[in-house]
Amino acid sequence: MKVLITGATGFIGKKLVGELIRQGHDVSILTRDSEGASQKLPINCEVHQWQPELYPPKFEAFKEVNAVIHLAGESVADGRWTEPRKKSIKNSRVLSTRNLVSAMNSLKHTPEVFLSASAIGFYGSGRPTELYEDLPAGKNFLANVCQEWEQETVNVKDMGIRTIVLRIGLVLGYDGGAMKKMLAPFWAGLGGKLGGGNQWMSWIHVKDLVSMMIYAIENPGMRGAYNAVSPNPVTNNVFTKSLGKALQRPTILPVPEFVLKIIFGEMVGLLLESQKVSSGKIYKSGFKFNFPDLANALKDICQNSSNEFMAEHWIPLPIDKIFSFFKEPKNLEKITPDYLHFKVLSQSPGEVSEGTKINYWLRLHGIPIWWQSKITGWEPNCKFSDTQTHGPYSHWDHTHEFYEKDGGTVIRDSIKYRLPFGILGDFLAGQWVKKDIENIFYFRKKKIEEIFKNQC
C-alpha cells in the first residue's frame, strides 16, 4: 500500500512513518519544509512541498496513493491561547483539511481511504457521563475547532472515499507529546495532582495509536468517527500516583487550580477538564490494544523505552557492492562529518564477524571520546548490528539493513539509544543529541550518494 501522510515530522507522524516502512508499505509525505523534513525524517520516500493553509497540494503527490493520513496541525499545548494563536490552531486544522480534500476532489483516480485526526476535545467539558462517538460536539474553543475540522472531511465521503476520523486522547510516549513534558519534573520528585485531581483523563499509548491508524486504513469495515483512547481512563489523581510509582518517585506536590489558571490562562482546560471517553466502538471493530491499562503503559514508557531514530536511502546498485563498502569499518571515516574528527583505531579479530569489537575515537563538541562497539549480529548482504560497549551513551544499538528495491538497494539505519542519567539526561540534552544525530545521518546520506555516484 502507498500511504500519503501530512504531519509526518511530528511526534506521532514519525512513529507512524517508521512502522509503515517496517511493515513494507510505501510512504509519501506532504510538508511545509522539504529540506527540514528530509533531515528530521530521512527515509526512502517521496517528499512534496505544501503550504497547508494556503493552497491544495499538487496532483502528483497523490500518484498511485491508496491511503491518505492527515495529522497536520499546530500543537495546542505549546503556549498561552492568545487570540492570534487560537486562530493559528484552528486554521492549521480546518484550512489544511479543506485544501487537502479540495485536491482529492479534483483527482481522476482517488485514494481508497482517508483518515483524519481529530481530538476528544470534540466533546467539550462539563459532561458527567461517558462520552461516545454519537454525541454532539461541545461548546468551548477546542470543541468548536474539532467540529469544524471534522466537518471538512464530509466532502471526502461524498466522493465515495472511505473516511475515518480518530478522536485522539492524551497520547503517552517516551520521546514526545505530553509525557515528554511530564517525565522530568516527576522524575525529580516534583510531580503531583493537578487541581482537585478528580478529572478524568482518557489516554492512549503512542504504539497503540500508530497500530490503530494502520488497522483503520487496512480494514474496509471501518468508517466514521472513532475514539482513539484506551479502554481504561483514569482520574488525574490515579494517573499521578501511577506515574510516580513507575518512576519510583514521590508525588506530594499538588498544583492548585488557581495557580494553573494564572500560568496557562484559557489553556488550563487541557489540564482540568474531565473527559471519560469510551473506546467501545474501536474495540468492537476488532482492534486489540497492547497497552489497555495504565500501569503497563507507563512501565513500558518509563522503564523499557528508548529514543529511536531511523534513516533510509536508495542507491541504484546491487546489494553486494553496497555491503562490501559497509563491512569495512575504516569506511565509516569517509561518511562521518569532518567536525567529529572520527577515526577507526582498531578491530579484533581482523575480519568483521559476529563478536568483533571495533574501537573509535572522535571529538564531539570539543570533547574527546573513545568509543567501542561490538558486532552483535552479522548477516552478509542482509544486515548487521553493533552495540556500544564503551562510549557516551548509556545504551546504543544500531542495526544496518540492506534490501533490494526498484533495481537498487535501500540502506536502512535503525538506532535505539538512551542518554546517561535516564530521564534527566533526556530533559537536559535530549533535543541537542537528537539534532546531532539527524545532522550526522543527513551528512552520511549525501556522502554515500556522492561516493557511489561514479559507480552507477
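Can you give me the C-alpha center-to-center distance between the range 27-76 and the range 157-187, rounded to a whole angstrom?
19 Å
Cut-off under 19 Å on the C-alpha distance; same-chain residues fewer than 8 positions from Lys357 excluded. Which aspartates and glutamates are left, in chain and number order?
Reachable aspartates and glutamates: Glu328, Glu333, Glu379, Asp386, Asp397.
Can you sort Asp397, Asp386 by how many other beta carbons sit within 10 Å, fewest first?
So the ranking, lowest neighbour count to highest, is Asp397, Asp386.
Per residue Cα convex hull volume for the chain, in cubic angstrom?
Looking at the chain, the number lands at 154 Å³ per residue.
Determine the shape class of the range 222-286: with a ≥ b ≥ c the square roots of the Cα gyration tensor eigenvalues, call it rounded for a/c under 1.5, and otherwise prolate if a/b is greater than b/c, oblate otherwise.
Oblate, since a/c reaches 1.5 and b/c is not below a/b.
Mind checking which aspartates and glutamates have their C-alpha under 19 Å from Lys86, skipping anything on the same chain fewer than 8 residues away?
Cross-link targets: Glu53, Glu74, Asp78, Glu148, Glu150, Glu152, Glu266, Glu273.
Count neighbours as other Cβ atoms within 10 Å of each site's Cβ, and list the trypsin sites (Lys or Arg not before Pro) in the range 115-204 that are DSSP loop with at most 16 such neighbours.
Lys139
Rounded, prolate or oblate: which fits the range 24-107 when a ≥ b ≥ c are the square roots of the eigenvalues of the alpha-carbon gyration tensor, with rounded for a/c under 1.5 and prolate only if a/b beats b/c?
Cα axes put the range 24-107 in the oblate bin.
Among the lysines, which fall within straight-line cross-link reach of Lys63, defined as a Cα-Cα distance under 21 Å, with same-chain neighbours fewer than 8 residues apart omitted?
Reachable lysines: Lys2, Lys108, Lys157, Lys405.
Rounded, prolate or oblate: which fits the range 307-453 when a ≥ b ≥ c are the square roots of the eigenvalues of the alpha-carbon gyration tensor, with rounded for a/c under 1.5 and prolate only if a/b beats b/c?
Here the range 307-453 falls in the prolate category.
What are the GluC sites (Glu not before Pro) within the range 293-395 that DSSP puts in a loop, where the Cβ has at most 12 other Cβ atoms within 10 Å?
Counting only loop positions with at most 12 other Cβ atoms within 10 Å, the GluC sites (Glu not before Pro) in the range 293-395 are Glu351, Glu354.
With axes computed from alpha carbons, what is the tilt in degrees of helix 11-22 against the longest principal axis of the chain, rounded to the nearest 10 within 0 to 90?
50 degrees
I need His395, His25 ordered by Cβ neighbour count within 10 Å, fewest first.
Exposure proxy ranking, most exposed first: His395, His25.
Calculate how many DSSP beta bridges within the chain are antiparallel, expressed in % of all such bridges and rounded to the nearest 5.
Of the beta bridges lying entirely in the chain, close to 60 percent run antiparallel.
Fewest first, what order do Phe291, Phe264 take by the number of other Cβ atoms within 10 Å?
Phe264, Phe291
Rule-based calculations on the coordinates, nothing more; no lab input. Remember, predicted model here, so these are calculated numbers, not experimental data. Ideal geometry is used to build each Cβ from the backbone, glycine not excepted, and the neighbour counts take in all protein chains shown.
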